[in-house]
Amino acid sequence: MEMKVFNSLTRRVEPLTPLADNTIRLYTCGPTVYNFAHIGNFRAYAFEDVLRRVVQFNGMKIRQVMNLTDVDDKTIRGANAAGVPLTDYTKTYKDAFFADLKKLNIQPAEVYPAATDHIPEMIDLVSKLIEKGVAYKSEDGSVYFAVRKFPGYGKLAHIDFDHQQTGARCAADEYDKENVGDFALWKAWEDSDGPVGWDSPWGRGRPGWHIECSAMSMKYLGETFDLHTGGIDNLFPHHENEIAQAEAATGKEFVRTWMHCAHLRVNGEKMSKSAGNFFTLRDLLEKGYAGREIRYVLVNAHYRQGLNFAFSALDDARKSLERIDRCVDALQRLAGSNGPVGDTPEFATQALESFSAAVNDDLNTPKAFAALFELVREANGALATLTPAQAAAVLAVFQRMDTVLGVIFFGKAVVAEVPAEIQALLDKRAAARKAKDWAESDRLRDEIAAAGWSVKDSRDGQTVTRK
Ligand SMILES: [Zn+2]
(Lines give C-alpha, C1' and ligand atoms only; values in the text may rest on other atoms or scores of the structure.)
Protein backbone atom coordinates (compact mmCIF):
# COMPACT_ATOMS: atom_id res chain seq x y z
CA MET A 1 0.00 0.00 0.00
CA GLU A 2 1.23 3.48 -0.84
CA MET A 3 2.18 5.72 2.06
CA LYS A 4 0.90 9.28 1.72
CA VAL A 5 1.70 12.31 3.84
CA PHE A 6 0.88 16.01 3.91
CA ASN A 7 3.79 18.03 2.52
CA SER A 8 3.98 21.50 4.12
CA LEU A 9 5.94 22.76 1.11
CA THR A 10 3.25 21.98 -1.50
CA ARG A 11 0.37 21.92 1.01
CA ARG A 12 -0.86 18.67 -0.51
CA VAL A 13 -1.12 15.04 0.53
CA GLU A 14 1.48 13.23 -1.59
CA PRO A 15 3.06 9.76 -1.85
CA LEU A 16 6.23 9.32 0.18
CA THR A 17 8.68 7.29 -1.87
CA PRO A 18 12.42 7.01 -1.22
CA LEU A 19 14.91 8.72 -3.52
CA ALA A 20 17.34 5.79 -3.22
CA ASP A 21 18.09 2.41 -1.62
CA ASN A 22 14.48 1.85 -0.47
CA THR A 23 15.50 4.11 2.42
CA ILE A 24 13.72 7.22 3.66
CA ARG A 25 16.34 9.73 4.77
CA LEU A 26 14.80 11.79 7.53
CA TYR A 27 16.09 14.80 9.42
CA THR A 28 14.27 15.79 12.60
CA CYS A 29 15.09 18.93 14.54
CA GLY A 30 16.11 17.77 17.99
CA PRO A 31 16.15 19.34 21.42
CA THR A 32 18.00 22.41 22.57
CA VAL A 33 19.66 20.87 25.60
CA TYR A 34 19.31 23.72 28.09
CA ASN A 35 16.53 22.19 30.20
CA PHE A 36 14.46 19.01 30.59
CA ALA A 37 12.25 18.54 27.53
CA HIS A 38 8.55 19.27 28.14
CA ILE A 39 5.49 17.40 27.02
CA GLY A 40 5.00 19.73 24.03
CA ASN A 41 8.49 18.84 22.78
CA PHE A 42 7.67 15.16 23.17
CA ARG A 43 4.59 15.53 21.06
CA ALA A 44 6.87 16.25 18.09
CA TYR A 45 9.28 13.41 18.93
CA ALA A 46 6.38 10.96 19.36
CA PHE A 47 4.93 12.03 15.98
CA GLU A 48 8.33 11.47 14.34
CA ASP A 49 8.55 8.07 16.01
CA VAL A 50 5.19 7.04 14.55
CA LEU A 51 6.36 8.36 11.18
CA ARG A 52 9.53 6.26 11.18
CA ARG A 53 7.58 3.22 12.36
CA VAL A 54 5.05 3.59 9.52
CA VAL A 55 7.91 3.83 7.02
CA GLN A 56 9.19 0.50 8.35
CA PHE A 57 5.67 -0.96 8.53
CA ASN A 58 5.58 -0.45 4.75
CA GLY A 59 8.80 -2.38 4.21
CA MET A 60 11.01 0.66 3.63
CA LYS A 61 14.16 1.38 5.60
CA ILE A 62 14.75 4.52 7.59
CA ARG A 63 17.83 6.61 8.27
CA GLN A 64 16.97 9.30 10.80
CA VAL A 65 19.27 12.06 11.96
CA MET A 66 18.29 14.14 14.98
CA ASN A 67 20.52 17.00 16.02
CA LEU A 68 21.27 18.09 19.55
CA THR A 69 21.51 21.88 19.79
CA ASP A 70 24.19 22.30 22.44
CA VAL A 71 25.24 25.85 21.54
CA ASP A 72 22.77 28.71 21.00
CA ASP A 73 21.45 31.77 22.85
CA LYS A 74 19.64 29.65 25.47
CA THR A 75 22.37 27.11 26.29
CA ILE A 76 24.98 29.85 26.64
CA ARG A 77 22.73 31.87 28.92
CA GLY A 78 22.07 28.76 31.07
CA ALA A 79 25.69 27.68 31.35
CA ASN A 80 26.94 31.16 32.19
CA ALA A 81 24.19 31.68 34.78
CA ALA A 82 25.12 28.33 36.39
CA GLY A 83 28.82 29.17 36.17
CA VAL A 84 29.76 25.85 34.54
CA PRO A 85 31.39 25.04 31.18
CA LEU A 86 28.89 24.76 28.32
CA THR A 87 29.66 21.06 27.71
CA ASP A 88 29.04 20.14 31.37
CA TYR A 89 25.83 22.11 31.39
CA THR A 90 24.41 20.49 28.24
CA LYS A 91 25.54 16.93 29.13
CA THR A 92 23.02 16.73 31.98
CA TYR A 93 20.16 17.50 29.59
CA LYS A 94 21.44 15.31 26.77
CA ASP A 95 21.51 12.31 29.13
CA ALA A 96 18.06 13.18 30.47
CA PHE A 97 16.70 13.44 26.93
CA PHE A 98 17.80 9.92 25.99
CA ALA A 99 16.36 8.49 29.21
CA ASP A 100 13.05 10.25 28.48
CA LEU A 101 12.89 8.84 24.93
CA LYS A 102 13.21 5.33 26.35
CA LYS A 103 10.35 5.92 28.77
CA LEU A 104 8.14 6.84 25.82
CA ASN A 105 9.25 3.82 23.77
CA ILE A 106 10.58 6.13 21.06
CA GLN A 107 12.92 4.29 18.69
CA PRO A 108 16.40 5.82 18.65
CA ALA A 109 17.49 7.76 15.56
CA GLU A 110 20.42 6.36 13.58
CA VAL A 111 22.59 9.46 14.25
CA TYR A 112 22.46 12.13 16.98
CA PRO A 113 25.02 14.76 15.91
CA ALA A 114 25.79 17.52 18.42
CA ALA A 115 26.29 21.03 17.05
CA THR A 116 29.56 21.62 18.91
CA ASP A 117 31.09 18.57 17.16
CA HIS A 118 30.40 20.08 13.71
CA ILE A 119 31.71 23.65 13.86
CA PRO A 120 34.15 23.11 10.90
CA GLU A 121 31.26 21.93 8.67
CA MET A 122 29.28 25.03 9.58
CA ILE A 123 32.24 27.33 8.90
CA ASP A 124 32.64 25.67 5.46
CA LEU A 125 29.00 26.23 4.63
CA VAL A 126 29.12 29.89 5.70
CA SER A 127 32.26 30.38 3.57
CA LYS A 128 30.48 28.90 0.57
CA LEU A 129 27.51 31.26 1.05
CA ILE A 130 29.87 34.26 1.15
CA GLU A 131 31.57 33.03 -2.06
CA LYS A 132 28.17 32.72 -3.74
CA GLY A 133 27.38 36.31 -2.79
CA VAL A 134 24.30 35.54 -0.66
CA ALA A 135 26.00 36.20 2.68
CA TYR A 136 28.06 39.12 3.95
CA LYS A 137 30.15 40.09 6.92
CA SER A 138 28.83 42.97 9.01
CA GLU A 139 30.95 45.61 10.73
CA ASP A 140 30.94 43.73 14.08
CA GLY A 141 32.37 40.51 12.58
CA SER A 142 29.08 38.61 12.35
CA VAL A 143 27.98 37.03 9.07
CA TYR A 144 24.44 37.42 7.75
CA PHE A 145 22.40 35.72 5.05
CA ALA A 146 20.96 38.28 2.61
CA VAL A 147 17.39 37.03 2.13
CA ARG A 148 16.78 39.30 -0.89
CA LYS A 149 19.62 37.58 -2.75
CA PHE A 150 17.91 34.18 -2.60
CA PRO A 151 14.83 34.20 -4.86
CA GLY A 152 13.24 31.17 -3.22
CA TYR A 153 13.14 32.74 0.23
CA GLY A 154 9.70 32.35 1.81
CA LYS A 155 8.51 29.36 -0.24
CA LEU A 156 7.91 27.12 2.78
CA ALA A 157 6.22 29.72 4.98
CA HIS A 158 4.50 31.26 1.89
CA ILE A 159 5.75 34.75 2.68
CA ASP A 160 4.66 37.43 0.29
CA PHE A 161 7.59 39.84 0.22
CA ASP A 162 5.74 42.53 -1.67
CA HIS A 163 3.43 43.07 1.27
CA GLN A 164 6.04 42.63 3.94
CA GLN A 165 7.99 45.19 5.89
CA THR A 166 11.37 43.53 6.13
CA GLY A 167 13.62 44.42 9.01
CA ALA A 168 17.24 45.09 8.28
CA ARG A 169 18.89 42.36 10.29
CA CYS A 170 18.08 39.91 13.04
CA ALA A 171 20.75 38.45 15.30
CA ALA A 172 18.42 36.43 17.55
CA ASP A 173 17.95 32.70 16.86
CA GLU A 174 14.18 32.96 17.10
CA TYR A 175 11.93 35.68 15.65
CA ASP A 176 8.56 35.94 13.98
CA LYS A 177 7.36 36.73 10.48
CA GLU A 178 7.01 40.43 11.27
CA ASN A 179 10.77 40.55 11.64
CA VAL A 180 11.79 38.91 8.38
CA GLY A 181 15.25 40.11 7.60
CA ASP A 182 18.82 39.03 7.10
CA PHE A 183 19.57 36.38 9.69
CA ALA A 184 22.81 35.49 11.46
CA LEU A 185 24.90 32.60 10.11
CA TRP A 186 27.85 33.36 12.37
CA LYS A 187 27.70 35.53 15.46
CA ALA A 188 30.74 37.54 16.53
CA TRP A 189 31.84 36.93 20.12
CA GLU A 190 30.29 39.19 22.74
CA ASP A 191 30.97 39.60 26.47
CA SER A 192 27.81 37.69 27.32
CA ASP A 193 29.21 34.59 25.51
CA GLY A 194 31.85 34.25 28.24
CA PRO A 195 34.20 31.36 27.47
CA VAL A 196 32.09 30.05 24.55
CA GLY A 197 33.57 30.69 21.10
CA TRP A 198 35.47 29.27 18.13
CA ASP A 199 37.97 30.83 15.76
CA SER A 200 36.80 31.40 12.20
CA PRO A 201 37.85 33.37 9.08
CA TRP A 202 35.63 36.19 10.45
CA GLY A 203 37.12 36.16 13.93
CA ARG A 204 36.06 34.51 17.17
CA GLY A 205 32.39 33.68 17.44
CA ARG A 206 29.78 30.94 17.23
CA PRO A 207 27.34 29.57 14.65
CA GLY A 208 23.73 30.73 14.43
CA TRP A 209 21.12 28.09 15.20
CA HIS A 210 19.84 27.65 11.63
CA ILE A 211 23.18 26.87 9.97
CA GLU A 212 23.64 23.93 12.31
CA CYS A 213 20.78 21.94 10.81
CA SER A 214 21.69 22.66 7.17
CA ALA A 215 25.31 21.61 7.74
CA MET A 216 24.59 18.45 9.73
CA SER A 217 21.64 17.22 7.68
CA MET A 218 23.62 17.45 4.41
CA LYS A 219 26.65 15.82 6.01
CA TYR A 220 24.70 12.72 7.08
CA LEU A 221 21.91 12.55 4.49
CA GLY A 222 23.27 14.18 1.33
CA GLU A 223 22.54 17.50 -0.41
CA THR A 224 19.04 16.37 -1.38
CA PHE A 225 17.09 14.05 0.88
CA ASP A 226 13.57 12.71 1.37
CA LEU A 227 12.02 14.14 4.46
CA HIS A 228 12.45 16.81 7.13
CA THR A 229 10.14 17.27 10.11
CA GLY A 230 9.63 19.35 13.23
CA GLY A 231 7.04 21.12 15.29
CA ILE A 232 4.99 23.83 13.56
CA ASP A 233 7.00 26.41 15.54
CA ASN A 234 10.07 25.38 13.54
CA LEU A 235 8.51 26.12 10.16
CA PHE A 236 9.39 29.80 10.30
CA PRO A 237 12.04 31.05 10.51
CA HIS A 238 14.09 27.92 11.25
CA HIS A 239 13.12 25.64 8.37
CA GLU A 240 12.75 28.50 5.89
CA ASN A 241 16.31 29.51 6.75
CA GLU A 242 17.57 25.93 6.47
CA ILE A 243 16.22 25.77 2.91
CA ALA A 244 17.78 29.12 2.00
CA GLN A 245 21.20 28.16 3.36
CA ALA A 246 21.30 24.73 1.76
CA GLU A 247 19.82 25.57 -1.64
CA ALA A 248 21.83 28.77 -2.04
CA ALA A 249 25.01 26.77 -1.34
CA THR A 250 24.33 23.70 -3.51
CA GLY A 251 21.97 24.96 -6.20
CA LYS A 252 19.94 21.77 -5.63
CA GLU A 253 16.62 21.01 -4.04
CA PHE A 254 17.30 20.51 -0.31
CA VAL A 255 14.34 18.42 0.93
CA ARG A 256 11.48 16.86 -1.01
CA THR A 257 8.89 16.59 1.75
CA TRP A 258 8.40 18.69 4.89
CA MET A 259 6.07 17.61 7.70
CA HIS A 260 5.09 19.60 10.79
CA CYS A 261 3.09 18.63 13.84
CA ALA A 262 0.62 20.98 15.49
CA HIS A 263 0.76 22.57 18.93
CA LEU A 264 0.07 20.93 22.23
CA ARG A 265 -1.96 22.80 24.79
CA VAL A 266 -2.55 21.83 28.41
CA ASN A 267 -6.12 22.05 29.68
CA GLY A 268 -6.92 24.28 26.73
CA GLU A 269 -4.17 26.79 27.41
CA LYS A 270 -0.75 27.47 25.99
CA MET A 271 1.77 25.77 28.23
CA SER A 272 3.77 28.23 30.30
CA LYS A 273 5.56 28.22 33.61
CA SER A 274 3.63 31.28 34.80
CA ALA A 275 0.26 29.60 34.11
CA GLY A 276 1.31 26.60 36.23
CA ASN A 277 0.57 24.15 33.40
CA PHE A 278 4.12 23.47 32.30
CA PHE A 279 5.02 19.79 32.51
CA THR A 280 8.20 17.93 31.73
CA LEU A 281 7.92 14.20 31.15
CA ARG A 282 9.48 13.74 34.58
CA ASP A 283 6.69 15.74 36.23
CA LEU A 284 4.09 13.38 34.76
CA LEU A 285 5.98 10.22 35.71
CA GLU A 286 6.24 11.54 39.26
CA LYS A 287 2.48 11.92 39.34
CA GLY A 288 2.24 8.16 38.81
CA TYR A 289 1.52 7.98 35.07
CA ALA A 290 3.33 5.35 33.04
CA GLY A 291 5.38 6.17 29.96
CA ARG A 292 3.05 4.20 27.72
CA GLU A 293 -0.02 6.05 29.06
CA ILE A 294 1.62 9.34 28.14
CA ARG A 295 2.69 7.93 24.77
CA TYR A 296 -0.88 6.77 24.16
CA VAL A 297 -2.22 10.31 24.62
CA LEU A 298 0.51 11.82 22.43
CA VAL A 299 0.07 9.44 19.48
CA ASN A 300 -3.70 9.02 19.71
CA ALA A 301 -4.41 12.48 18.27
CA HIS A 302 -3.74 13.24 14.62
CA TYR A 303 -0.39 15.03 14.35
CA ARG A 304 -1.79 17.97 12.35
CA GLN A 305 -4.55 18.61 14.86
CA GLY A 306 -3.92 20.64 17.99
CA LEU A 307 -3.66 18.33 20.98
CA ASN A 308 -5.24 19.35 24.24
CA PHE A 309 -3.37 17.52 26.96
CA ALA A 310 -5.41 16.93 30.11
CA PHE A 311 -5.08 14.58 33.06
CA SER A 312 -8.49 13.13 32.24
CA ALA A 313 -7.00 12.00 28.90
CA LEU A 314 -4.25 10.16 30.78
CA ASP A 315 -6.86 8.45 32.95
CA ASP A 316 -8.81 7.47 29.83
CA ALA A 317 -5.60 6.15 28.28
CA ARG A 318 -5.09 3.92 31.31
CA LYS A 319 -8.56 2.43 30.91
CA SER A 320 -8.16 1.94 27.16
CA LEU A 321 -4.81 0.22 27.63
CA GLU A 322 -6.34 -2.06 30.25
CA ARG A 323 -8.98 -3.08 27.74
CA ILE A 324 -6.29 -3.97 25.21
CA ASP A 325 -4.21 -5.76 27.87
CA ARG A 326 -7.13 -7.92 28.98
CA CYS A 327 -7.83 -9.01 25.43
CA VAL A 328 -4.17 -9.71 24.63
CA ASP A 329 -3.80 -11.54 27.93
CA ALA A 330 -6.81 -13.77 27.19
CA LEU A 331 -5.49 -14.52 23.71
CA GLN A 332 -2.09 -15.40 25.13
CA ARG A 333 -3.63 -17.81 27.62
CA LEU A 334 -5.61 -19.42 24.82
CA ALA A 335 -2.69 -19.58 22.38
CA GLY A 336 -0.23 -20.93 24.94
CA SER A 337 3.47 -20.33 24.44
CA ASN A 338 5.23 -21.46 21.28
CA GLY A 339 2.06 -23.04 19.93
CA PRO A 340 1.31 -23.15 16.20
CA VAL A 341 -0.02 -20.02 14.48
CA GLY A 342 -3.16 -20.71 12.45
CA ASP A 343 -4.98 -18.91 9.68
CA THR A 344 -5.93 -15.34 10.52
CA PRO A 345 -9.66 -15.05 11.15
CA GLU A 346 -11.49 -12.76 8.72
CA PHE A 347 -12.26 -10.11 11.38
CA ALA A 348 -8.53 -9.75 12.17
CA THR A 349 -7.56 -9.51 8.49
CA GLN A 350 -10.12 -6.76 8.03
CA ALA A 351 -8.96 -4.86 11.11
CA LEU A 352 -5.38 -4.96 9.85
CA GLU A 353 -6.46 -3.67 6.44
CA SER A 354 -8.30 -0.74 8.04
CA PHE A 355 -5.27 -0.09 10.20
CA SER A 356 -2.87 -0.05 7.21
CA ALA A 357 -5.15 2.26 5.24
CA ALA A 358 -5.34 4.63 8.21
CA VAL A 359 -1.62 4.93 8.93
CA ASN A 360 -0.83 5.33 5.23
CA ASP A 361 -3.36 8.14 4.95
CA ASP A 362 -1.14 10.88 6.40
CA LEU A 363 -0.61 8.98 9.67
CA ASN A 364 -4.25 8.89 10.66
CA THR A 365 -3.65 7.49 14.14
CA PRO A 366 -7.21 8.12 15.46
CA LYS A 367 -8.50 5.79 12.73
CA ALA A 368 -5.68 3.34 13.39
CA PHE A 369 -6.69 3.14 17.05
CA ALA A 370 -10.30 2.67 15.99
CA ALA A 371 -9.18 -0.36 13.93
CA LEU A 372 -7.27 -1.69 16.95
CA PHE A 373 -10.34 -1.40 19.18
CA GLU A 374 -12.49 -3.06 16.54
CA LEU A 375 -10.03 -5.94 16.74
CA VAL A 376 -10.32 -5.99 20.55
CA ARG A 377 -14.12 -6.06 20.33
CA GLU A 378 -14.21 -8.84 17.72
CA ALA A 379 -11.54 -10.91 19.48
CA ASN A 380 -13.36 -10.66 22.82
CA GLY A 381 -16.53 -11.84 21.12
CA ALA A 382 -14.76 -14.77 19.47
CA LEU A 383 -12.76 -15.97 22.49
CA ALA A 384 -15.12 -18.89 23.15
CA THR A 385 -14.81 -20.24 19.61
CA LEU A 386 -11.20 -19.45 18.61
CA THR A 387 -8.75 -22.35 18.47
CA PRO A 388 -5.35 -21.82 20.13
CA ALA A 389 -3.74 -21.52 16.67
CA GLN A 390 -6.27 -18.86 15.61
CA ALA A 391 -5.68 -16.98 18.88
CA ALA A 392 -1.98 -16.95 18.02
CA ALA A 393 -2.80 -15.52 14.58
CA VAL A 394 -4.91 -12.75 16.12
CA LEU A 395 -2.06 -11.98 18.51
CA ALA A 396 0.25 -11.63 15.51
CA VAL A 397 -2.08 -8.93 14.14
CA PHE A 398 -1.91 -7.06 17.46
CA GLN A 399 1.87 -7.30 17.27
CA ARG A 400 1.93 -5.98 13.72
CA MET A 401 -0.22 -2.99 14.74
CA ASP A 402 1.99 -2.37 17.72
CA THR A 403 5.08 -2.06 15.54
CA VAL A 404 3.53 1.35 14.73
CA LEU A 405 1.73 2.27 17.97
CA GLY A 406 4.24 0.97 20.51
CA VAL A 407 1.82 0.87 23.45
CA ILE A 408 0.85 -2.79 23.97
CA PHE A 409 2.38 -5.10 26.58
CA PHE A 410 3.01 -8.60 25.32
CA GLY A 411 4.02 -11.58 27.40
CA LYS A 412 2.91 -9.98 30.61
CA ALA A 413 -0.29 -10.88 32.36
CA VAL A 414 -2.61 -8.05 33.30
CA VAL A 415 -1.85 -8.79 36.95
CA ALA A 416 1.67 -7.45 36.36
CA GLU A 417 0.35 -3.91 36.79
CA VAL A 418 -1.58 -4.60 39.99
CA PRO A 419 -0.32 -2.63 43.02
CA ALA A 420 1.53 -4.63 45.68
CA GLU A 421 -1.20 -4.31 48.32
CA ILE A 422 -3.85 -5.70 45.95
CA GLN A 423 -1.50 -8.48 44.92
CA ALA A 424 -1.04 -9.41 48.59
CA LEU A 425 -4.83 -9.73 48.99
CA LEU A 426 -4.98 -11.84 45.81
CA ASP A 427 -2.31 -14.15 47.18
CA LYS A 428 -4.20 -14.53 50.46
CA ARG A 429 -7.37 -15.26 48.53
CA ALA A 430 -5.64 -17.88 46.38
CA ALA A 431 -4.49 -19.60 49.58
CA ALA A 432 -8.01 -19.44 51.06
CA ARG A 433 -9.50 -20.99 47.91
CA LYS A 434 -6.90 -23.73 47.94
CA ALA A 435 -7.97 -24.51 51.53
CA LYS A 436 -11.62 -24.38 50.33
CA ASP A 437 -12.31 -21.56 52.80
CA TRP A 438 -15.04 -19.98 50.66
CA ALA A 439 -16.18 -17.52 53.34
CA GLU A 440 -12.68 -16.06 53.58
CA SER A 441 -12.38 -16.06 49.77
CA ASP A 442 -15.58 -14.00 49.47
CA ARG A 443 -14.52 -11.64 52.23
CA LEU A 444 -11.23 -11.00 50.43
CA ARG A 445 -13.04 -10.46 47.12
CA ASP A 446 -15.12 -7.75 48.82
CA GLU A 447 -12.02 -6.17 50.29
CA ILE A 448 -10.38 -6.12 46.85
CA ALA A 449 -13.58 -4.66 45.37
CA ALA A 450 -13.63 -1.91 48.00
CA ALA A 451 -10.11 -0.97 46.84
CA GLY A 452 -11.37 -0.53 43.27
CA TRP A 453 -10.59 -3.88 41.65
CA SER A 454 -12.79 -6.75 40.55
CA VAL A 455 -11.62 -10.32 40.61
CA LYS A 456 -12.85 -13.22 38.49
CA ASP A 457 -12.14 -16.92 38.80
CA SER A 458 -11.47 -19.30 35.95
CA ARG A 459 -9.67 -22.55 35.27
CA ASP A 460 -6.44 -20.54 35.11
CA GLY A 461 -6.95 -19.01 38.52
CA GLN A 462 -7.82 -15.41 39.41
CA THR A 463 -7.79 -12.48 37.04
CA VAL A 464 -8.15 -8.98 38.33
CA THR A 465 -9.19 -5.78 36.59
CA ARG A 466 -9.51 -2.17 37.65
CA LYS A 467 -13.18 -1.25 38.12
ZN1 LIG B 1 16.69 22.26 12.93
Considering only residues that are more than 20 Å from the chain's Cα centre (by Cα), within 12 Å of the ligand (Cβ to nearest atom) and modelled with pLDDT of 95 or more, which ones fall in the stretch 233-245? Glu240, Asn241, Glu242, Ile243, Gln245
How many of the residues making up the stretch 193-232 are without any contact (Cβ under 8 Å) to a residue 24 or more places away in the chain and either within 11 Å of the ligand (Cβ to nearest atom) or buried (at least 24 other Cβ atoms within 10 Å of the Cβ) (or both)? 0
Among the residues of the stretch 57-73 satisfying the criterion of being within 16 Å of the ligand (Cβ to nearest atom) and touching a residue at least 60 places away in the same chain (Cβ under 8 Å), which is farthest from Met401 (Cα to Cα)? Asp73
Output the number of residues of the stretch 249-263 satisfying the condition of being buried (at least 24 other Cβ atoms within 10 Å of the Cβ) and more than 13 Å from the ligand (Cβ to nearest atom). 1
If we scan the stretch 356-368, do we find a residue that is part of a loop (DSSP other than H, G, I, E, B), surrounded by 15 or more Cβ atoms within 10 Å (Cβ to Cβ), hydrophobic (A, V, I, L, M, F, W, C) and touching a residue at least 12 places away in the same chain (Cβ under 8 Å)? yes
Take the stretch 21-37 and flag every residue that is under 25 Å from Trp198 (Cβ atoms) and not in a strand (DSSP E or B). Cys29, Gly30, Pro31, Val33, Tyr34, Asn35
Name the residues in the stretch 280-309 that are over 25 Å from Leu395 (Cα atoms), touching a Lys or Arg at 6+ places or on another chain (Cβ under 9 Å) and part of a loop (DSSP other than H, G, I, E, B), would you? Tyr289, His302, Tyr303, Gly306
Filtered residues of the stretch 31-53 (kept if within 16 Å of the ligand (Cβ to nearest atom), touching a helix residue (DSSP H, G or I) at 6+ places or on another chain (Cβ under 8 Å) and closer than 17 Å to Asp95 by Cα): Pro31, Thr32, Val33, Tyr34, Ala37, Tyr45
Note on the stretch 264-277: residues under 20 Å from the mean Cα position of the chain (by Cα) and exposed (fewer than 15 other Cβ atoms within 10 Å of the Cβ) are Lys270
Within the stretch 317-360, how many residues are over 20 Å from Leu298 (Cα atoms) and in contact with a Phe, Trp or Tyr (Cβ under 7 Å, 6 or more places away or on another chain)? 1
Scope the stretch 103-134; condition within 15 Å of the chain's Cα centre (by Cα) and either touching a residue at least 24 places away in the same chain (Cβ under 8 Å) or closer than 17 Å to Ala146 by Cα (or both); matching residues: Lys103, Leu104, Asn105, Ile106, Gln107, Ala109, Glu110, Tyr112
The lone exception for Val415 - which of (1) part of a helix (DSSP H, G or I); (2) at pLDDT 90 or above; (3) closer than 27 Å to Val341 by Cβ it fails: (2)
Among the residues of the stretch 181-225, how many are in a strand (DSSP E or B) and of a type in the set (Phe, Trp, Tyr)? 4
Could you check His263 against (1) touching a helix residue (DSSP H, G or I) at 6+ places or on another chain (Cβ under 8 Å); (2) at pLDDT 95 or above and say which number it fails? (2)
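The values are calculated or read from the model by the stated rules, or taken from the named source; none is laboratory data. All of these numbers come straight from a predicted model, not from anything done at the bench. When we count neighbours, we look across all protein chains shown, and the Cβ atoms used for this are built from the backbone with ideal geometry, even at glycine.
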